[in-house]
Ligand SMILES: [Zn+2]
């Protein structure tokens, strides 16, 4: 505590010294010239890098601040335990920001979009930005040749339709057979799954004729392989990309908070339909990411959502990517 107080004092002292320096007439004039209204231009919302011959673009569909993190992450733990972990990692104890990151992969012969964000219905709230940001990144929705769906939650299938028409008019679709079978079964159309199943009926089912259904280990196209990672949903899939020996794992919703889920993969997450399976899958997938030292892109990781995993005695540490893709 003494050290912190001393540091605060020294910061204050420095601030006063800087203020005194500004009081000289020349410096004051320079400060006046620098005055400008705040820019209304936000961050570009996409991040592009190369993976061998593939071009990868992480696109931020939006960010959503929320309360009550303990009601989502670590629902089987004491609230104080969740708060303590977050504060230890320089995060607020209760509030958090969720972000949504579809990935666009140009292989040279296909432009593949992995998941579609929340869509038009969320735009008023500042989300559903995939479409605008895909265009800002130099492509049009008509350029997308394949849309891959990792699973059928609304934040992944919401952008499939635009004004009642397919949002990516020239695309075919690829998704897991198990996921499709689960959500389209009669018993899902009422009860706790009713809302989500209605979204599937509106957005996914009309595209079924243009969809290829795959299972664990199946290729989407050369260099892109699907892997079943069930738990979050019964047919949740992740995708392994490989080009010229460079690899990237799109982990979708295997882990949904870079601290609360990755540091404590055994904690239950309310978003996981099967909480035990979700925890087991998370451990299996991130053990692999850590052991093979490959980068991953997690749909709900902090934007640009790409990083590495260090295995700790308990859980994992998220190491955001820096210049690895520039070399
Ligand atoms: Zn999600």
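Of all the options 142, 42, 126, the one that moves most in a Gaussian network model of the chain with Cα springs shorter than 10 angstrom is 42. Going from the residue with the fewest nearby Cβ atoms within 10 Å to the one with the most, 309, 221 rank 221, 309. Calculated FRET efficiency, residue 326 to residue 210, Cβ-Cβ distance, R0 = 41 Å: about 0.65 to the nearest 0.05. Note on segment 77-135 and segment 288-312: Cα centroid distance 15 Å, given to the nearest whole angstrom. Residues 273, 301, 237 in ascending order of nearby Cβ atoms (within 10 Å, fewest first): 273, 301, 237. Relative to the longest principal axis of the Cα atoms of the chain, the long axis of helix 275-292 makes an angle of roughly 70 degrees. A full extension of the chain between residue 219 and residue 311 corresponds to an added length of 30.3 nm, given 0.36 nm per residue minus the alpha carbon distance. Between helix 79-88 and the chain there is an angle of about 60 degrees, using the helix long axis and the longest principal axis of the Cα atoms.
Using Cα-Cα distances under 8 Å and only pairs 6 or more residues apart, what relative contact order does segment 56-186 have, in percent? This gives 24 percent for segment 56-186. Percent antiparallel among DSSP beta bridges with both residues in segment 192-319, to the nearest 5? Here the antiparallel bridges make up roughly 85 percent for segment 192-319. Would you mind calculating the relative contact order of the chain from Cα pairs under 8 angstrom and at least 6 residues apart, reporting the percent as a whole number? Once normalised by length, the contact order is 15 percent. Given the options 138, 74, 117, state which has the largest fluctuation in a GNM of the chain using a 10 Å cut-off (strictly under) for Cα springs. Top of the fluctuation ranking is 138. Taking other Cβ atoms within 10 Å as a rough exposure proxy, 139, 323, 299 sort from fewest to most as 323, 139, 299.
Tally the DSSP beta bridges in the chain and give the antiparallel ones as a percent, rounded to 5. The partial results should precede the final answer.
Working: 41 of 55 bridges.
Here the antiparallel bridges make up roughly 75 percent for the chain.
Readers should treat all values here as calculations from the given coordinates under stated rules, not as data from a laboratory. What you are looking at is a predicted structure, and each value in this text was computed from that prediction instead of being measured. Every residue, glycine as well, gets a Cβ built from its backbone with ideal geometry; the counts of neighbours run over all protein chains shown.
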